[in-house]
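The values are calculated or read from the model by the stated rules, or taken from the named source; none is laboratory data. Please read these numbers as outputs of a predicted model, since none were measured by experiment. Ideal geometry is used to build each Cβ from the backbone, glycine not excepted, and the neighbour counts take in all protein chains shown.
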Amino acid sequence: MRKTVGLSHKPLGDKIMAGILGTGIQDGLLLKPIHYPWAMELYDQAVANTWFPNEIQLGQDLSDWKKMTDEERHAIEFLMSYFNPNELLVNKALAFGVYPYVNAAECHLYLAKQMWEEANHCMAFEYVLETFPIDREKAYAAHVDEPVMARKEEFEMQAIKRMTEKQLDITTTEGKKDFIRNLVAYNIILEGIWFYSGFMVALSFRQRNLLRNFGSLIDWVVRDESLHLKFGINLILTTLEENEDLQTEEFADEIKQTILDAVEMEEEYNKAMLPKGILGLNADYVNQYVKYLTDRRLEELGFEPHYKVSNPAKWMAAANDTYELVNFFESTNTSYEVNATKPQAKSDGPVSPAGARGEAEAGNEINTGNEG
Ligand SMILES: [Fe+2]
Ligand SMILES: [Fe+2]
């Protein structure tokens, strides 16, 4: 399950760090020298990406909403019902399962920014709930009442409970495995597969000239999430590289099987979201995208692709592409350099504060025209 991504793990300067895992009580109180430059780069990028939900006006989208079919509105309500509690669930996974077990201060900086971003996503989806005539009580209840959502949440809760209700000793092989299991659950599966499948459905409306501003909100969420994913994957790979006791075939098989089980849960969920399908989109289409995405996640972790299906939604961003991930760590990141010179990331969408100031926008905006 190992994969080299050109990361530098060698201690710099005089300060010797035991590794990325630890309490952070000693090493984590001093930022320099940086031991994990990728975490610092991600922090800088995340700060440059800062945005606020009220920068986007949803008035036109409200007119679109009134024209949409019941099935289309059901799909959006379903997504909002799912996204909202799960943004907060990610923060619990970070607070209880990641932050306390990571040594490096640069990782703590990034995690603090990510936690604010998850809070911001929660508020963005609250804004959507307030704007569209969605029954909040029903939307809030769905993650418990809707069996396909409850099943996904129960899976995530198991990982979080393992971190909070059990005494976790990060110095033992079993403790380190639980740390990785939690990361795989909230980062690879929830953020990297389940959320992306929802983003694709949400953005499909813009392909038909509907909910364009909502689409911009989702773009900004995706931009954040792509960095969350990069951080999580690098944390997993670094932990595996630094801990030989985790590099067993048995553990690799367990991780892969967990990911494949999550795909099965997602297939059932998408059937409930799109029972009859909507124009240009049905559950089979979404589930093929889920399998395509899952293969990318497996490759990023060093596995062979499992499903080997083509991408049915080529209009979606290449943000989640393996090559983007590798390119991110090259010394000259051309996509960021290019975007840094553009005052606007998109010609027809709102501009975040970073964009308005001409600062670097993440090079992972949704590419609706084509995909490499
Ligand atoms: Fe989020
Ligand atoms: Fe996230």
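Observations on the model:
The rows are residues; the columns are (1) more than 16 Å from ligand 1 (Cβ to nearest atom); (2) more than 21 Å from residue 235 (Cα to Cα); (3) under 15 Å from the mean Cα position of the chain (by Cα); (4) of a type in the set (S, T, N, Q).
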position: 102; (1), (2), (3), (4): yes, no, no, no
position: 106; (1), (2), (3), (4): yes, no, no, no
position: 122; (1), (2), (3), (4): no, yes, yes, no
position: 125; (1), (2), (3), (4): no, yes, no, no
position: 147; (1), (2), (3), (4): yes, yes, no, no
position: 153; (1), (2), (3), (4): no, yes, no, no
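- Contact annotation: residue pairs with Cβ atoms under 7 Å, 6 or more positions apart or on different chains, pairing a residue in the stretch 62-90 that is in contact (Cβ under 8 Å) with a residue 24 or more places away in the chain and of a type in the set (D, E, K, R) with a partner that is more than 16 Å from ligand 2 (Cβ to nearest atom) and not in a helix (DSSP H, G or I), are 64/210; 64/211; 71/276; 71/278; 72/278; 77/134.
- The single condition among (1) assigned to a helix (DSSP H, G or I); (2) over 21 Å from the mean Cα position of the chain (by Cα); (3) surrounded by fewer than 19 Cβ atoms within 10 Å (Cβ to Cβ) that residue 176 does not meet is (3).
- Residue within the stretch 223-235 that is touching a residue at least 40 places away in the same chain (Cβ under 8 Å) and over 16 Å from the mean Cα position of the chain (by Cα) present: no
- Qualifying residue in the stretch 201-212 (condition: away from ligand 1 (no atom under 16 Å from the Cβ) and aromatic (Phe, Trp, Tyr)): yes
- Condition check for residue 300 on (1) crowded, with 17+ Cβ neighbours inside 10 Å; (2) farther than 25 Å from residue 20 by Cβ; (3) acidic (Asp, Glu): one failure, at (2).
Here's the yes/no breakdown for (1) away from ligand 2 (no atom under 16 Å from the Cβ); (2) over 30 Å from residue 23 (Cβ atoms):
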| site | (1), (2) |
| --- | --- |
| 75 | yes, yes |
| 79 | no, yes |
| 113 | no, no |
| 124 | no, yes |
| 143 | yes, yes |
| 150 | yes, yes |
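- Count of the stretch 226-280 residues which are over 22 Å from residue 149 (Cβ atoms), of a type in the set (Gly, Ala, Ser) and modelled with pLDDT under 95: 2
- Pair list, Cβ < 6 Å and 6+ apart or interchain, from the stretch 241-265 residues that are closer than 20 Å to residue 171 by Cα to residues that are small (Gly, Ala, Ser) and at pLDDT below 95: 242/19
Here is a yes/no grid of residues against (1) part of a loop (DSSP other than H, G, I, E, B); (2) away from ligand 2 (no atom under 15 Å from the Cβ); (3) among the small types (Gly, Ala, Ser):
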position: 183; (1), (2), (3): no, no, no
position: 188; (1), (2), (3): no, no, no
position: 199; (1), (2), (3): no, no, no
position: 204; (1), (2), (3): no, yes, yes
position: 209; (1), (2), (3): yes, yes, no
position: 219; (1), (2), (3): no, no, no
position: 232; (1), (2), (3): no, no, yes
